[in-house]
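First comes the structure, then the notes that go with it.
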């Protein structure tokens, strides 16, 4: 039986922190800011910045 190659790709490294990619455009930056405002309101948590929100989400996966 052949081993699935997908299983090898799903291993995660705990060493390097996962960082969000920076938006390339002004529109992307605006969308990120709107998402941060929405997340603050929905979760009732005052996140310092988008990276803090992203880190919390990345840890929970």
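Since every read-out is calculated from the coordinates, none of them should be taken as a lab result. From a predicted model like this one, the values you see are computed outputs, not experimental measurements. Quick reminder, even Gly has a Cβ in these numbers, built from the backbone with ideal geometry, and neighbours come from all protein chains shown.
General observations
- Protection proxy ranking, highest mean first, for peptides 18-26, 30-38: 30-38, 18-26, where packing is the per-residue count of other beta-carbon atoms within 10 Å, averaged.
- Here the spin labels are modelled as points 7 Å beyond Cα on the Cα-Cβ line, and at residue 47 and residue 34 they lie 1.6 nm apart.
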